[in-house]
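Scroll down for the structure; my scribbles are underneath it.
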Amino acid sequence: MAGCENAQKFDLVCPGTILQTVQIGNVQTTKQIGKQTLRFSVDLDANVYCTTSDCSARDSITSVTPERLRLGRFVEINRISGMMMIDTGPSQIIGQCEKAKFTKPPKAQF
């Protein structure tokens with residue numbers, strides 16, 4: 001239908017909290033070290049995504065289910081709640097994603 005947004009192409013705006021896990025002696029603790037907002041441009045039809053800060057390089061979506069979207073090795077987003085988790089080992093970003101208007105990738109100049 002004309003004027004309808006394509007549900008297969010969208011951006012996700014995800015403000016989150018950066019956490020770091022550190023080992024002090026026998027005790028492992030997690031502390032908040034900052035905040036960061038990430039924006040992903042997702043095209044489910046083409047099975048690709050990019051971070052909109054550098055959409056010139058697009059990567060394949062790792063997996064899509066009705067409940068989860070996995071981008072690369074570290075990013076997992078719950079498609080029902082919007083909860084995002086990025087886990088790289090000692091650091092994590094936990095946030096809440098909201099759908100936004102799709103950002104088209106730049107066209108190649110040559």
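General observations
- If you go through the stretch 60-91 and keep only what is of a type in the set (A, V, I, L, M) and either under 9 Å from the mean Cα position of the chain (by Cα) or open to solvent by 60 Å² or more (accessible area, probe 1.4 Å) (or both), you end up with Val64, Leu69, Leu71, Val75, Ile77, Ile80, Met83, Met84, Met85, Ile86.
- Restricting attention to the stretch 53-76, the residues being of a type in the set (D, E, K, R) and in contact with a Pro (Cβ under 7 Å, 6 or more places away or on another chain) number 1.
- When Ala57, Ala108 are checked against the criterion of being of a type in the set (A, V, I, L, M), exposed (fewer than 10 other Cβ atoms within 10 Å of the Cβ) and touching a strand residue (DSSP E or B) at 6+ places or on another chain (Cβ under 9 Å), Ala57 stands alone in meeting it.
The values are calculated or read from the model by the stated rules, or taken from the named source; none is laboratory data. Bear in mind that the values here come from a model prediction, so they are computed numbers and not experimental data. FYI the Cβ positions are ideal-geometry reconstructions off the backbone, even for glycines, and counts take in every protein chain you see. Side chains included, ligands, DNA and RNA excluded: accessible areas come from the protein's heavy atoms. Shrake-Rupley method; radii C 1.70, N 1.55, O 1.52, S 1.80 Å.
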